[in-house]
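Right, one structure below, let's go through it.
The values are calculated or read from the model by the stated rules, or taken from the named source; none is laboratory data. The structure displayed is predicted, hence computed values, not measured ones. Methodologically, a virtual Cβ is constructed for each residue, glycine included, from the backbone with ideal geometry; neighbour enumeration extends over all protein chains shown.
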Amino acid sequence: MPDLNGVDITDTFAEAFSMTATRLVITAATQEWAQTAATQLCGYATSVIACDCEAGVESIASPDETPDGRPGVNVLAFAFNKKSLASAMAARVGQCVLTCATTACYSGLLDQPRDQQISVGGAIRYFGDGFQSSKKLGARRYWRIPVMDGEFVCEDRFGTAKGVGGGNLLLCGVDQAQTLTAAEAAVAAIREVPDVILPFPGGIVRSGSKVGSKYKALKASTNDAYCPTLRAQTESHVPDECNAVYEIVVDGLSFDAVQSALRAGLHAACHSPGLKHVTAGNYGGKLGKHHFHLRELL
């Protein structure tokens, strides 16, 4: 078995899925208000198993990087298809960005053909109740929706791209505290990689799931093979010296972006004492066409 800094690395692969992605640029009068809107928009967006999309903050945007010269935040969002993504973005921008003081919202994926665009501003403009107006600058159309602190400006259509969702690492350590430290190190490294997000709380998953359940109503249930407390009750994959497992899940705009993020996360985590073993989740290559082999991340 290969190792990295003394941490055993399973010779396996993470299996990920094709998704439709978009980037939103949220701006506001201050960085704090832009971050507030982004945080609200990204709520309840961890997994398409039960959420309408997967979303997260990609990066901070300085005033010289935004369309209106104000502080901003770049958000990435993913869904299984363009229709689902359009519905999720119209609802989330309308409820979480339009409502937030001083904000505006722009597409962060430009020059996409019309058949790779979704309506966002065009969908929520009706909140203006007939008082809304549009302005076109070059090829980009914006909607101006009157609100109580002035106007909410939102781009008419947002570009989309074919993204990759579900790249993952499973970090196994001697105890909860040390394994969490390793996971936090992985998250910090991945957050420096462009074009990716970590959709789960703090970038870390404690409740890894498997497909299906003994209960017919559930699409997914606890990944009992990686629950340390179930060693005596199920076929356990938790190494003997390990008593905690955390999962890192990465969504990105391309295979290369997700691979770079997983590599950065793996190397950062393996510098943490107490981490003993790293593996990844897959379905035998039967469900997702994107395979990230851990040996290629070393």
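Kindly evaluate C105 against the criterion of being within 17 Å of M89 (Cβ to Cβ), of a type outside the set (S, T, Y) and outside any loop (DSSP other than H, G, I, E, B).
For C105, the condition - within 17 Å of M89 (Cβ to Cβ), of a type outside the set (S, T, Y) and outside any loop (DSSP other than H, G, I, E, B) - is met.
The residues of the stretch 247-261 that are part of a strand (DSSP E or B) and under 12 Å from the mean Cα position of the chain (by Cα), listed by number, are I248, V249, V250, D251, G252.
The rows are residues; the columns are (1) charged (D, E, K, R); (2) in contact with a strand residue (DSSP E or B) (Cβ under 8 Å, 6 or more places away or on another chain).
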site: E54; (1), (2): yes, yes
site: E58; (1), (2): yes, yes
site: T66; (1), (2): no, yes
site: G69; (1), (2): no, no
site: F78; (1), (2): no, yes
site: L85; (1), (2): no, yes
site: A88; (1), (2): no, yes
site: R92; (1), (2): yes, yes
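Return yes when V153 is touching a Cys at 6+ places or on another chain (Cβ under 8 Å), in the same structural domain as S84 (by TED's automatic domain parsing) and touching a residue at least 12 places away in the same chain (Cβ under 8 Å) and no when it is not. In short, yes.
Selection over the stretch 1-28 of residues that are part of a strand (DSSP E or B), within 20 Å of K289 (Cα to Cα) and out of contact with any Ser or Thr (no Cβ under 7 Å at 6 or more places or on another chain) gives a count of 7.
Checking every residue in the stretch 69-85 against the condition of being in contact (Cβ under 8 Å) with a residue 60 or more places away in the chain, touching a Phe, Trp or Tyr at 6+ places or on another chain (Cβ under 7 Å) and in the same structural domain as T39 (by TED's automatic domain parsing) gives zero matches. Does any residue of the stretch 29-41 turn out to be touching a residue at least 40 places away in the same chain (Cβ under 8 Å), of a type in the set (S, T, Y) and in contact with a Phe, Trp or Tyr (Cβ under 8 Å, 6 or more places away or on another chain)? Scanning the stretch 29-41 turns up no residue that is touching a residue at least 40 places away in the same chain (Cβ under 8 Å), of a type in the set (S, T, Y) and in contact with a Phe, Trp or Tyr (Cβ under 8 Å, 6 or more places away or on another chain). Residues satisfying the criterion are absent from the stretch 99-108 (criterion: under 21 Å from G69 (Cα atoms) and more than 29 Å from the chain's Cα centre (by Cα)). Residues that are part of a loop (DSSP other than H, G, I, E, B) and within 17 Å of A14 (Cβ to Cβ) within the stretch 196-221 comprise L198, P199, F200, I204, G208, listed in sequence order.
Residue-by-condition table, conditions (1) in contact (Cβ under 8 Å) with a residue 40 or more places away in the chain; (2) under 20 Å from S272 (Cα atoms); (3) surrounded by 18 or more Cβ atoms within 10 Å (Cβ to Cβ); (4) in the same structural domain as N282 (by TED's automatic domain parsing):
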site	(1), (2), (3), (4)
A182	yes, yes, yes, yes
V187	yes, yes, yes, yes
P194	yes, no, no, yes
P201	yes, no, no, yes
V205	yes, yes, yes, yes
A220	yes, no, no, yes
D224	no, no, no, yes
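A search for C-beta distances below 8 Å between a residue of the stretch 129-145 that is in the same structural domain as E155 (by TED's automatic domain parsing) and free of Cβ contacts under 8 Å to residues at least 40 places away in the same chain and any residue that is surrounded by fewer than 11 Cβ atoms within 10 Å (Cβ to Cβ) and assigned to a strand (DSSP E or B), counting only pairs 6+ apart in sequence or on different chains, returns Y142/K136.
Answer yes or no: is there a residue in the stretch 48-69 that is surrounded by 15 or more Cβ atoms within 10 Å (Cβ to Cβ), more than 21 Å from R144 (Cβ to Cβ), of a type outside the set (D, E, K, R) and more than 21 Å from the chain's Cα centre (by Cα). No, every residue in the stretch 48-69 fails to be surrounded by 15 or more Cβ atoms within 10 Å (Cβ to Cβ), more than 21 Å from R144 (Cβ to Cβ), of a type outside the set (D, E, K, R) and more than 21 Å from the chain's Cα centre (by Cα).
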